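**Student:** Next up is a structure, given as C-alpha cells.
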Amino acid sequence: MTVATSKCLVPLLLVAVALVTGCDKMPTSPTTPDQTSTASVIPGHLEPRSSTVVYFDVGTSAAVRVNLAGVTINGQTESLDPVLTLRVGRPLEDGCTEVAEVNTPPRLTAQLPLFFSAGTYCVQISDPGTLAQAVDLVIRVVIAPPDNGNSAGTDTFSSNVAQGGTAARTVIATQPGDVRVTLASLGAPAGTIAALGLGLQGDEGSGCQLSKIVRTTAGGGPQLSASIDAGVYCVKLFEVASPQVLTSFTINIAHP
C-alpha cells in the first residue's frame, strides 16, 4: 500500500494506507472482477476554520465509498455531531478539486458513494464555521465494497474491565443495516455510569476509532444505535465509575 498526505491550513495526518479511486463521474459500470476490496480507517485532526486533506492512489477502476465516520474530543472520550464539508476530488497544491462534495455530520454510512478510474485523488474535510474547538476525525475509504452476505445476528460480549481500563470487541457486518448496542449488565453498584462507544476497527493496530459515545447505566433498551454499511466495526467500554478492581459486564450487539 502507498499513501500520501499534505497540508491545507493545518498540519495534516500521516496516513498508512493505499487506496483506489479517480474520475469525475458517477458509476457507469461494475467493479472489475480482479479488484480486491480494501477498507482504510484514517484518523485525523481538524482545527476550527481549516481543512485536512488525505491523498490516495487508485490502481484499477472501482466503486468507492467515502465517509466521515467520527468527530471526537478529549482523546476520543466525547463524540460531537458537527456539520463539516466532505469533498472528494483531484489533488491541488492546497487541497482538492471538487468531484463530489457534501455538508454532513459524521455517520457510519457512506456520504459519498462514487465510481473512480485509476489515478491519484484526495479527501478533504473542512470546517465551514461549525467548530468551536479542535477535533479528532475518523475517515473511512472503501474500495470495491464486497458483495452483501448475511452476517445478521446478536453478539454477546461478556468479560471484566479493570479499574481505569477499557474493553473492546470487533463486530463484522457483511451487509448494510442497523446496529444496536446494549449495556445489559454491569457488576457494580446500582446507578454506576460507564462510557459506551461504537466506531470503526482501525488499521494496523490503531485500535477502536470511535464514532458515537454515550455515558449510561446498565439495563433497558439499546443505548447506542446507528445505520451502517458493510464493514468492520468495534464496541468499546471505558470510564466505568466503579470502586472495584475488576467489574464484570455484558454487552449485547445486534448487527446486520
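**Student:** Can you say whether I125 is surrounded by fewer than 16 Cβ atoms within 10 Å (Cβ to Cβ) and not in a loop (DSSP other than H, G, I, E, B), as far as the supplied structure shows?
**Tutor:** Spelling it out, it is not the case that I125 is surrounded by fewer than 16 Cβ atoms within 10 Å (Cβ to Cβ) and not in a loop (DSSP other than H, G, I, E, B).
**Student:** Looking at (1) out of contact with any His (no Cβ under 9 Å at 6 or more places or on another chain); (2) at pLDDT 85 or above, which is the only condition P30 fails?
**Tutor:** Every condition holds for P30 apart from (2).
**Student:** Quickly run through the range 183-208 and pick out the residues that are polar (S, T, N, Q) and either in contact with a His (Cβ under 6 Å, 6 or more places away or on another chain) or open to solvent by 20 Å² or more (accessible area, probe 1.4 Å) (or both).
**Tutor:** S185, Q201, S206 - these are the residues of the range 183-208 that are polar (S, T, N, Q) and either in contact with a His (Cβ under 6 Å, 6 or more places away or on another chain) or open to solvent by 20 Å² or more (accessible area, probe 1.4 Å) (or both).
**Student:** Among the residues of the range 182-193, is any under 19 Å from V138 (Cβ atoms) and either within 19 Å of the chain's Cα centre (by Cα) or not in a strand (DSSP E or B) (or both)?
**Tutor:** Looking for residues that are under 19 Å from V138 (Cβ atoms) and either within 19 Å of the chain's Cα centre (by Cα) or not in a strand (DSSP E or B) (or both), one finds none in the range 182-193, hence no.
**Student:** Outside any strand (DSSP E or B), open to solvent by less than 40 Å² (accessible area, probe 1.4 Å) and touching a strand residue (DSSP E or B) at 6+ places or on another chain (Cβ under 6 Å): which single residue out of V138, V240, V179, V161 fits that description?
**Tutor:** V240
**Student:** Determine if the range 49-59 includes at least one residue that is open to solvent by 30 Å² or more (accessible area, probe 1.4 Å) and under 23 Å from A173 (Cβ atoms).
**Tutor:** no
**Student:** Are any of the residues in the range 168-176 open to solvent by 30 Å² or more (accessible area, probe 1.4 Å), of a type in the set (D, E, K, R), out of contact with any His (no Cβ under 9 Å at 6 or more places or on another chain) and not in a strand (DSSP E or B)?
**Tutor:** no
The values are calculated or read from the model by the stated rules, or taken from the named source; none is laboratory data. On a predicted model such as this, the values are computed, not experimentally measured, just so you know. Neighbour counts are summed over all protein chains in view; Cβ atoms, including those assigned to glycine, are modelled from backbone coordinates with ideal geometry. Surface accessibility is based on the protein's heavy atoms, side chains included, excluding ligands, DNA and RNA. Shrake-Rupley method; radii C 1.70, N 1.55, O 1.52, S 1.80 Å.
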